[in-house]
Each structure stands twice: as structure tokens, then as C-alpha cells.
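Read through the structure below, which is laid out as C-alpha cells, and then see the notes.
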Amino acid sequence: MTHKFNCHLFTVLIAACLLPAPLRASDADYQAGLKAMAANDTETALHNLELAVEGNPDNLQYANEYRQLVIHSKEYDRSLKFFEKVTVEHPTSANLYLNYGFAYVDKIPIAGSITQVILANNALTQFSKSIELQPSWIAYYTRGASYLFWPKIFNRAAFGVADLEKALDLQKTGPQRSYYVRTYISLGDGYWKTDDLKKARAVWREGLKTFPNSAQLKKRLSLRGEALQHAIEAGFDPDVRVNTDLKELWVQN
């Protein structure tokens with residue numbers, strides 16, 4: 001009975017986090033922002049999307065669309081200042097901190113090597129605040145995957161594995177989603193980074209049972225030695241932009 005209640009509660013929490021809020025002033029601002037984007041009026045679009053986020057700070061979709069426009073317009077510093085401001089105004093908004101963390105990640109590819117480390121560390125701080133406020137699959141997966149980008153010398157891969165194991169536990173309690181394959185890929189990569197190849201391959205095999213069409217899982221299981229190393233490390237180049245678009249979370253599978 002307790003297990004069923006917990007599963008139901010988890011489903012309700014996920015729905016509350018991911019689904020757009022009912023129509024309100026912030027939705028009007030969001031729609032105005034999209035209209036301005038379509039007209040290539042970037043400044044107006046950014047302004048309206050900022051109003052939408054301020055009006056509904058826990059709406060992942062509003063903040064995500066804002067960040068994607070920021071990437072397109074290269075207004076990274078504006079974005080970071082904006083998220084710093086609204087997190088002060090809304091200190092209990094878990095999804096706001098999550099997007100704040102992504103805003104730091106979005107800037108990493110254009111920064112120098114030292115600044116990249118600072119940005120990555122700041123991103124982890126925001127992801128951790130999100131988890132403290134509301135543990136969720138997306139928050140654990142995001143922080144866990146972020147830890148894996150750090151070179152081995154920092155010994156952070158083990159933290160990534162711990163977070164990704166929690167994400168895997170959470171995703172097993174509710175409906176299957178296509179994006180859950182990423183947990184198996186990243187968790188296996190995490191075990192590989194902690195020199196546990198046996199466990200890494202076991203995770204990839206488990207993932208392939210659930211996602212038999214995953215090219216990335218098949219590739220990892222087919223490779224050995226340096227070929228596997230190159231395949232994994234290619235995904236952790238800080239100079240290559242990470243796709244932080246969360247649209248898949250609310251698009252129907």
C-alpha cells in the first residue's frame with residue numbers, strides 16, 4: 001500500500017513540475033515572447049519570456065524557451081543576471097534553480113578553460129539547490145551527468161554515479177519515457193569513469209533490454225579498449241555545446 005502511494009505521489013510531483021500551468025498573465029507573456037521570436041524581434045522576445053518566467057518561476061517550459069533564445073542570441077550574461085535576480089525573488093522554486101544551473105552550462109562552450117571550471121562548479125551549486133528543494137528525476141540526472149564532465153583528477157565521477165543511480169530508481173517507479181535511456185547511457189559511462197567496466201557493461205545491457213533500439217547503448221556494448229574510451233570521452237568535451245533543451249520532457253512520447 002505504501003509503495004503504491006509513493007508511486008502515485010511521485011507521478012503527481014512529476015506532473016506538477018513538467019506540465020505548463022493553467023492560462024494566466026505569465027502565459028500571455030510567454031505567447032507574446034514566442035510571437036516576437038517568430039518575427040525575429042529578439043529583444044522583445046527576451047523581455048516577454050523573462051516576464052513569463054517571473055510570473056511562473058517553476059514552469060520549466062517558460063525558462064527553457066528563454067534559455068534557448070539566449071543561446072541563439074548569445075545573451076549569456078543577461079541570462080545569468082536574470083536568473084540570479086529571480087532566484088532571490090523566488091528562493092523556493094526548484095525548477096528555477098535547475099534552469100539557473102543550465103544557464104551556466106549554456107555558457108561553458110564559449111568560455112576559456114579556467115572560466116569553464118568556474119561555470120561548471122556554479123552550475124552544480126544550482127542543481128544541488130534544486131534537489132534540496134524538490135528531488136526529481138531531471139534534477140538527479142542533470143547533476144549526475146554534469147559530474148561526469150569533470151576530469152578524473154577531480155574524483156567527481158563517483159558523485160555522478162550516485163546521482164544517476166537515484167535517477168534510475170525514480171524512473172522505475174512511474175511510466176516509461178523515451179528519454180530515460182539517457183540514464184542508462186550516462187550511468188554506464190560513470191561506472192566506466194570509476195574504472196568499473198564490468199558494472200558499466202551490466203548497466204548498458206540492462207538499458208538495452210528496455211530500449212532495444214538505442215544506437216548509443218549498442219555502440220558502447222560493441223566496443224572495447226581505446227575505441228570505447230574515444231566513444232565515451234567524445235561526449236565530454238567542454239568546448240562542444242551540450243543540448244540543454246528540455247522540450248522532450250513535455251512532448252508526448
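Just a yes or no: is a residue in region 166-179 surrounded by fewer than 21 Cβ atoms within 10 Å (Cβ to Cβ) and touching a Gly at 6+ places or on another chain (Cβ under 8 Å)?
Yes; the residues of region 166-179 include at least one that is surrounded by fewer than 21 Cβ atoms within 10 Å (Cβ to Cβ) and touching a Gly at 6+ places or on another chain (Cβ under 8 Å).
What about Leu98, is it among the hydrophobic types (A, V, I, L, M, F, W, C), assigned to a helix (DSSP H, G or I), surrounded by fewer than 23 Cβ atoms within 10 Å (Cβ to Cβ) and touching a residue at least 12 places away in the same chain (Cβ under 8 Å)?
Working: among the hydrophobic types (A, V, I, L, M, F, W, C): yes; assigned to a helix (DSSP H, G or I): yes; surrounded by fewer than 23 Cβ atoms within 10 Å (Cβ to Cβ): no; touching a residue at least 12 places away in the same chain (Cβ under 8 Å): yes.
So Leu98 does not fit the description; no.
Considering only region 151-205, state which residues are at positive phi and at pLDDT below 95. Don't jump to the end; show me each part of the working.
Of the residues in region 151-205, the ones at positive phi are 155, 195.
Matches in region 151-205: Asn155 only.
Of Leu119, Leu187, Leu168, which residue is within 27 Å of Tyr76 (Cβ to Cβ), part of a helix (DSSP H, G or I) and of a type outside the set (Phe, Trp, Tyr)?
The conditions single out Leu119.
The values are calculated or read from the model by the stated rules, or taken from the named source; none is laboratory data. Here the structure is a predicted model, which is why all the values come from computation and not from measurement. Glycine also receives a Cβ, built like all others from the backbone with ideal geometry; neighbour counts cover every protein chain displayed.
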